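Peer 1: Handing you this structure, nothing more for now.
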Amino acid sequence: MAGFKTLDDIGAVSGKRVLVRVDLNVPVADGKVTDATRIERIAPTIAELSKKGAKVILLAHFGRPKDGPSAEFSLEPIARAAADVLGRPVGFAADCVGDKAADAVAAMKDGDVLLLENTRFYKAEEKNEPGFTEKLAANGDIYVNDAFSAAHRAHASTEGLARHLPAYAGRTMQAELDALEKGLGNPVRPVVAIVGGAKVSSKIDLLMNLVKKVDALVIGGGMANTFLAARGTDVGKSLCEHDLAGTAKQIGRAGRRHDPRCRRKDRAERQRLDRPRRDAGLERAARRLRDRALRPRHGGGGKTCGGPHQGGQACVGRRRRRHGGRAQPCRRRRRLHLCLDRRRRFPRMDGRQAAARRRGAEALSRQDLASGHSDRGLSIDSSFSGSFLWQ
């Protein structure tokens, strides 16, 4: 996948401050990390930068704090778990901006690793406020994003810093993007995507784009309850965003539109539902043509409107009004008439009149052939010529 730089493009980083956005939103119980999988995944990026002599400064969020700093959502216990996974000391700063963070960064040596406090202790983080982003950028020279699971959010530490500092993808981010290219860019079909999480609201754009590119989308976690509720399933007191039932249905419809199997089924269903209406339309058209064929011609009992007709011809398909001295065509019958101007010049005839004219033409042709004047041509009036051509 083109369009992003990795640690292979970062160049010399010895002595430089590298801000690394990581995902340390790990489960914690009684002050201890119970699952260090996410820490293990970011270890290669941290170890590579530290080995090159960079000052590695980790930025992360933890939980969803609502009222500012809280011991419950502090990253200090996770710093100790990170040290155990990395096999080296990991410092901790009690703030992510301000003097505490600046002093901790200034005390670092080449190759050291420092974890700053939870970025979500500031509401400006989720609002991606430029002022807060500048404060974060003040502690670094280079920005590396290795938090793929948080990259869909346009927060200050994920999107804002990439606009202020030279940005690169960490090894975890690179691996995820390469996997996406294999799965979505030019995949070997069929492709199945499995998406989990607690909320649909934070993944609407992701799901809408993903459902168009995969053959099957599997929804797991708490967000599956939202899709079940949208289908009418009772989920009880389980975690569910009932207000997003409409969005869940929209995502489902988008998947059906891009599924060839569903498109075939939907097309057959539409044809089945439209058949009565189509048959009714054909019946109406046939009835109109039948009525027109039975309508009298050349003054055969029909009313006239005083228009420019010949021989008191019935006013067929014309309104009884005048505009500019000419009769106007009826809108409802306009499509059934080929050309009103030609009809004035070449009025229609009933079957008997047409047969008589045709017999007269054949008699003239036989006389021409008998007298040897076959090249003389047929000399008839324009009214006959037009009527003959229109039969």
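The values are calculated or read from the model by the stated rules, or taken from the named source; none is laboratory data. Small disclaimer: the values here were computed from a predicted structure and weren't measured. Please note: Cβ atoms are built from the backbone with ideal geometry, for glycine as well, and neighbour counts cover all protein chains shown.
Listed here are the residues, each with its yes/no results for (1) over 24 Å from residue 5 (Cα atoms); (2) β-branched (Val, Ile, Thr).
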position	(1), (2)
88	yes, no
96	yes, no
106	yes, no
113	no, yes
118	yes, no
122	yes, no
133	no, yes
144	no, yes
167	no, no
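Peer 1: I would also like to ask the following. In contact (Cβ under 8 Å) with a residue 24 or more places away in the chain, surrounded by 19 or more Cβ atoms within 10 Å (Cβ to Cβ) and closer than 30 Å to residue 186 by Cα, is that true of residue 7?
Peer 2: yes
Peer 1: Could you list, in sequence order, all residues of segment 140-182 that are small (Gly, Ala, Ser) and free of Cβ contacts under 8 Å to residues at least 12 places away in the same chain?
Peer 2: Passing the criteria: 175, 179.
Peer 1: Would you tally the residues in segment 131-147 being more than 12 Å from residue 60 (Cα to Cα), not in a helix (DSSP H, G or I) and not aliphatic (A, V, I, L, M)?
Peer 2: Final tally of qualifying residues: 4.
Peer 1: Further question on the same structure: Return a yes/no flag: does segment 38-47 have any residue that is at pLDDT 90 or above and not in a helix (DSSP H, G or I).
Peer 2: No, every residue in segment 38-47 fails to be at pLDDT 90 or above and not in a helix (DSSP H, G or I).
Peer 1: Out of segment 16-37, which residues are surrounded by 13 or more Cβ atoms within 10 Å (Cβ to Cβ) and modelled with pLDDT under 95?
Peer 2: 23, 24, 25, 26, 28, 33, 36
Peer 1: What is the one condition in (1) touching a strand residue (DSSP E or B) at 6+ places or on another chain (Cβ under 9 Å); (2) over 19 Å from residue 156 (Cα atoms) that residue 62 does not satisfy?
Peer 2: It fails just one condition, (2).
Rundown of residues vs (1) over 24 Å from residue 26 (Cα atoms); (2) in a helix (DSSP H, G or I); (3) in contact with a Phe, Trp or Tyr (Cβ under 7 Å, 6 or more places away or on another chain), yes/no style:
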| position | (1), (2), (3) |
| --- | --- |
| 149 | no, yes, no |
| 152 | no, no, no |
| 157 | no, yes, no |
| 161 | no, yes, yes |
| 173 | no, yes, yes |
| 176 | no, yes, yes |
| 183 | yes, yes, no |
| 189 | yes, no, no |
| 194 | no, no, no |
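Peer 1: Hey, can you tell me all the residues within segment 83-118 that are small (Gly, Ala, Ser), surrounded by fewer than 16 Cβ atoms within 10 Å (Cβ to Cβ) and closer than 18 Å to residue 62 by Cβ?
Peer 2: Listed by number, the list holds a single entry, 94.
Peer 1: Looking at (1) more than 39 Å from the chain's Cα centre (by Cα); (2) without any contact (Cβ under 8 Å) to a residue 40 or more places away in the chain, which one does residue 52 not meet, given that it meets all the others?
Peer 2: Result: residue 52 fails condition (2) only.
Peer 1: Still on this model: Under 20 Å from residue 118 (Cβ atoms), more than 37 Å from the chain's Cα centre (by Cα) and either surrounded by fewer than 17 Cβ atoms within 10 Å (Cβ to Cβ) or hydrophobic (A, V, I, L, M, F, W, C) (or both), is that true of residue 79?
Peer 2: Spelling it out, residue 79 is indeed under 20 Å from residue 118 (Cβ atoms), more than 37 Å from the chain's Cα centre (by Cα) and either surrounded by fewer than 17 Cβ atoms within 10 Å (Cβ to Cβ) or hydrophobic (A, V, I, L, M, F, W, C) (or both).
Peer 1: Here's a follow-up. Is it the case that segment 142-152 has a residue that's at pLDDT below 95 and at positive phi?
Peer 2: no
Peer 1: Yes or no: segment 55-63 includes at least one residue that is more than 13 Å from residue 117 (Cα to Cα) and surrounded by 20 or more Cβ atoms within 10 Å (Cβ to Cβ).
Peer 2: yes
Peer 1: Tally up the residues in segment 192-233 that are exposed (fewer than 15 other Cβ atoms within 10 Å of the Cβ) and either touching a Pro at 6+ places or on another chain (Cβ under 8 Å) or β-branched (Val, Ile, Thr) (or both), please.
Peer 2: Residues flagged as exposed (fewer than 15 other Cβ atoms within 10 Å of the Cβ) and either touching a Pro at 6+ places or on another chain (Cβ under 8 Å) or β-branched (Val, Ile, Thr) (or both) within segment 192-233 amount to 5.
Peer 1: Moving on to the next point. Identify all residues within segment 66-112 that are aliphatic (A, V, I, L, M) and in contact with a Leu (Cβ under 7 Å, 6 or more places away or on another chain); write none if there are none.
Peer 2: 75, 78, 79, 82, 90, 93, 97, 101, 104, 105, 108, listed by residue number.
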